[in-house]
1. Rounded if a/c is under 1.5, else prolate if a/b beats b/c, else oblate: with a ≥ b ≥ c from the C-alpha gyration tensor eigenvalues square-rooted, which is region 299-384?
2. Using just the helices of the chain, give the 222 nm mean residue ellipticity in deg cm²/dmol: DSSP H runs with n ≥ 4 each add -39,500 (n - 2.57), and the total is spread over all residues, rounded to 500.
3. Cysteines of the chain lacking any other cysteine beta carbon under 4.7 Å?
4. List the lysines whose Cα sits under 20 Å from the Cα of K383, skipping any in the same chain fewer than 8 residues away.
5. Consider the candidate values (i) 140; (ii) 167; (iii) 203; state which one is volume of the Cα convex hull per residue in Å³ computed from the structure displayed.
6. Quick one: dipole size for region 86-236, taken about the Cα centre, charges +1 on Lys/Arg Cβ and -1 on Asp/Glu Cβ, in debye to the nearest 20.
7. Once the Cα atoms of region 7-125 are picked out, what are the Rg and Dmax in Å?
8. Any idea what the dipole of region 243-337 comes to, in debye rounded to 20, about its Cα centre with Lys/Arg Cβ at +1 and Asp/Glu Cβ at -1?
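Just so you know, all these numbers are worked out from the coordinates, no wet-lab data involved. Not measured: the values here are computed from a predicted model. Virtual Cβ from ideal backbone geometry, glycine too; neighbours counted across all protein chains shown.
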Amino acid sequence: MEYRKRIADELLSRRLEAFGAVLITGPKGCGKTTTAKQCAASVIEFQDEDRREQYLSVAQTQPSRLLIGSKPRLIDEWQDAPKIWGAVRKSVDDEQTPGLYILTGSTSQTVTTSHTGTMRISTLNMLPMSLYESAESNGSVSLKELFDDPESFEGCQSDLDVDGLIFAICRGGWPSTLNLKSDRSKLEIAKDLFRQTYSVDISNIDGRRRNASTARTLLSSYSRNICTPADFKTILDDVNSTKDVTQPTLNEYIDALEKLRIIDDVDAWCPAIRSKSVIRSKKKRNLVDPSIAVAALGLSPGYFNTDFRTLGFLFESLCIRDLKIYSSAFDGQMSYYRDRYGLEADGVLHLNDGRYALIEFKLGSSEIDEGAKHLCRIEELIKEYNEKEKQCRLRLPDLKLVVTGTKYGYRRDDGVCVIPIGCLKD
């Protein structure tokens, strides 16, 4: 099947121009190896059973021999031969040339190395595919162009209907689904990833045996609380409804799922516009892809015909995933704002040059007005703060966005841009 371009392609090329080697990380199944092969001039694959023993023998005695080949040289599943890391690091030091090696491997195994690779081996984190990368967003609205020239946005129209959006949430952004013909088979990928995570990977990540039932219950609790600032006590009480788990044990399980890149919480944005006691600073619970939550909850696309509330939280998770991908080219950072007065912005997207957008995620059109009012009120609070604090002024938002699951996008009179997720791209 023809390779479908990823936003990570450009990021990888950029890293290879600056560093001797690049390590690609990310959740299992997000397409790390396939993307790496697009840039590689030669490849070593430790999972090739015909050559595996030969490669491992060489890696154990003289790993530098495996680095011989056209550059960039891709070394896939490098964790199977940990000495490769040191050999790559030394080669980068000796040759003083960028773009020599690409390292990829499973996140389900942690390897301790004697050297960090700092300034020699750059780490690139990949996410699953966005709707634009899977060709479900028509890409008529560029996030970059929107930041560069907000006034240029005049409207748009999405080709993605509600049924298509629901299926995309349930299927997830897993590249292997693109090769499958039936919808039923596409939905199996996220289910299998979920099963592998709680039954195998959570123990393999660091060699510590963990209870699969506890891990499954934890993922289910996370999924029920997705895109909410649920505290650890809430999660712990949820898990303890079927198990007897201590807080330290829960923290250990969560840490393992973070290492696996499955848990992907969203930090709170805590500006100085109101007192610290007013701002909610808990992380918003989230997973790297909403399809994992769907699998953990045992749901199917048909379920959401009668439960738009749960669908709304999963839609928010999908939007956060896509905005992280689209903004990765300019080091975008996602957070959220919420205070005890009920004022919120579901997302705050900060760019590396200081610009930022206040964002609300609203599945249907009936919620757009409320979301827009929240964004405008936060902007007013910042203006009021700036009037009082002349010496330490806060930047006003460069964009106010309501990202929707609707068909049409437009600019409101209050300056808020309403944009369907099925129109966005990087």
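1. Working: a/c = 2.72, a/b = 1.32, b/c = 2.07.
Here region 299-384 falls in the oblate category.
2. Details: 13 runs with 155 residues, N = 426.
About -11500 deg cm²/dmol.
3. Result for the chain is C30, C39, C170, C227, C270, C319, C376, C392, C417, no neighbouring Cys Cβ within the cutoff.
4. K276, K373, K400
5. Correct label, based on the coordinates given: (ii).
6. Values: 16 positive and 19 negative charges, 270 e Å.
It comes to approximately 1300 debye.
7. 13.0, 38
8. Dipole magnitude for region 243-337 comes out near 380 debye.
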